[in-house]
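One structure below.
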Amino acid sequence: MVLINQELCIGCGVCAEDCLAKIIHLTDGKAENKGPCIQCGHCVAVCPVQAVSIPEYDMEDVDEYDPETFRIEPENMLHAIKFRRSIRNFKPEKIEEEKVKHILDAGRYTATAKNKQASTFVFIQDKMDEFRNLVWETMPEILEVLKKDAPLYARVFRSFYEKWKKDPQDDTLLYNTPAFLVITSDNHSLDGGLAAANIENMAVAEGLGALFSGYMMRVISISPKLREWLEIGEQTVACCMLIGYPAVRYRRTAPRREGNVIRK
């Protein structure tokens, strides 16, 4: 529920103009909330005198705009996007708690359809060895399902499994990552994908690297044991990410094909 402090409100009307639900109106020179909304927070962000609040949220979490810390030069932004790489070679070091908080906040603040904010982030680090062992322990069951439902994938996963049995360090599924992230999003799978992109960009800014794993999405989606361990029930797996410090140093961006762009 949006609350508007009538003593602070100056009646400028910018909150009403920017209100998606059109439930804020000016009455006797003061803004008033006339009904329920999706709590997008635009009114909080646009008010010049901090007269608006949403009690359901932690208002201490709101940051005032400062161009010195908020502004990102366009060239720097593009360079960051071009320089990121999919990481398959990780150092064993754990990720510091402050950095974990930052990357999860990057996901939490990502746009969601209808502002549902319905994504769940399962971050595994302290129990990574337990999770890794469970993945490989359940692989025979997963292979049986894949043989019936996706035989081409069954051959691929069997090769991963055979390599791992010969040498547990030869892990072409989890690549010995020190941390793993599962994102579920029952509201809209795109919500989870958008969050994952922001999480990767934040991870890179923290000196980390990531790999999006479609293979692990498939493994988790068909394994009741893994779902139970992750505590995600029947939620839709939107993305899986391996995250850690890269054990490789990149010196430049990688080339790409010309984009398939239609402009009119």
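The numbers here are math on the coordinates, done by the rules we state, and not lab data. Since the model is a prediction, treat every value here as computed from it, not as a measurement. When we count neighbours, we look across all protein chains shown, and the Cβ atoms used for this are built from the backbone with ideal geometry, even at glycine.
A few remarks follow.
- Relative to the current alpha-carbon distance between Gln39 and Asp18, full extension at 0.36 nm per residue lengthens the span by 6.3 nm.
- Spin-label zone in region 136-154 - amide nitrogen under 20 Å from a point set 7 Å from the Cα of Asp171 along the C-beta vector: 136-143
- Degrees, to the nearest 10: 151-166 long Cα axis against longest axis of the chain: 70 degrees
- Rounded to 10°, Cα long-axis angle of helix 74-83 versus longest principal axis of the chain: 20 degrees
- Calculated FRET efficiency, Lys116 to Val62, Cβ-Cβ distance, R0 = 22 Å: about 0.65 to the nearest 0.05.
- Within the chain, the cysteines lacking any other cysteine Cβ closer than 4.7 Å to their own Cβ are Cys9, Cys12, Cys19, Cys37, Cys40, Cys47, Cys239, Cys240.
- Over the chain, all Cα pairs binned in 5 Å intervals from 0 give whole-percent P(r) values of 1, 5, 10, 13, 14, 14, 12, 10, 7, 6, 4, 2, 1, 1, 0, 0, listed from short to long.
- Burial ranking of peptide ranges 95-108, 202-215 (average Cβ count within 10 Å, highest at the top): 202-215, 95-108
- Centre-to-centre, using Cα atoms only, region 219-250 and region 45-105 are separated by 23 Å.
- Each of the peptides 27-38, 71-82, 115-126 was scored by the mean count of other Cβ atoms within 10 Å over its residues; in descending order, highest first, they stand as 115-126, 27-38, 71-82.
- With respect to the chain, whose longest principal axis is taken over its alpha-carbon atoms, helix 139-149 is tilted by about 80°.
- Long pairs among Lys99/Lys225; Lys94/Lys147; Lys127/Lys166; Lys82/Lys225; Lys34/Lys264, criterion Cα-Cα beyond 32 Å: Lys94/Lys147; Lys82/Lys225; Lys34/Lys264
- Electrostatic dipole magnitude of region 78-244 [Cβ: Lys, Arg +1; Asp, Glu -1; Cα centre; debye, to 20]: 600 debye
- For Pro140, neighbours were defined as the other residues whose beta-carbon sits under 13 Å from its Cβ, and their charges (Lys and Arg +1, Asp and Glu -1) total 0.
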